[in-house]
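The values are calculated or read from the model by the stated rules, or taken from the named source; none is laboratory data. All values derive from a computational prediction rather than experimental measurement. Neighbour counts are summed over all protein chains in view; Cβ atoms, including those assigned to glycine, are modelled from backbone coordinates with ideal geometry. The protein model used for the area step is the full one, side chains on, heavy atoms only, and it has no ligands, DNA or RNA in it. Shrake-Rupley method; radii C 1.70, N 1.55, O 1.52, S 1.80 Å.
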Amino acid sequence: MTGTRTRADRDAERVPVRGLTVLYDAECSLCTFLRDWLLRQRQLVPLDLVPAASEEARRRFRALDHSATLDEITVVGDAGQVYRGSAAWVVTLWALREHRPLAHRLSTPAGAKLAKGAVLAAAKWRGAQQAGSPGWSGRVYRSSDGWSYGPSLGWTYSPPGCDGGACATR
């Protein structure tokens, strides 16, 4: 049929993906948690996890905008394919044995909306973490701010003690 052929660089039979490099933000606790999780998964396609904007990433992928790789997950295929955002998450899941069926579902139009929502939620959480102010509002609980966790009670707040009868006010 005329007009139905795919571009040669997108032809999976001619350019199979044999490896993926996941660029992650090494300063982000969520990103490093996910890196560790990915390393524990059984991989159908090998994943190489490299800190985004690192010397290694710059050396291997000279053409990338490395500051953008810190803002949005970026995955690079061994034939030069570049995936960003939700597409990067889908291709990463596709590389994992137990999660390939999920990747196929997320690659549908309806699944793509779910994948995009998950990426946006992760980005919002990251942004809240980077703000780093005490208390809740999407930020982390810190014991130095008076928060503590107990398995039976969950998170509780006790304001820091008042020294010499004088309490700090905000």
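Net charge dipole, the stretch 46-114: roughly 220 debye, given to the nearest 20, about the Cα centre with Cβ charges of +1 for Lys and Arg and -1 for Asp and Glu. Largest accessible area first, the listed residues Tyr149, Tyr24 line up as Tyr149, Tyr24 when surface is computed with a 1.4 Å probe on the assembled protein chains.
Each residue of the stretch 61-124 gets 88 Å³ once the volume of the Cα convex hull is shared out per residue. Between Arg60 and Ala110, the modelled labels are 3.6 nm apart [label points 7 Å from Cα along Cα→Cβ]. Descending by average beta-carbon neighbour count within 10 Å, the peptides 46-58, 103-115 line up as 46-58, 103-115, the highest first.
Considering only protein heavy atoms, with the full assembly of protein chains and a 1.4 angstrom probe, order Phe61, Phe33 by accessible area, largest first. Mind dumping the intermediate values first?
On the way: Phe61 35, Phe33 120 Å².
If we order Phe61, Phe33 from most to least accessible, we get Phe33, Phe61.
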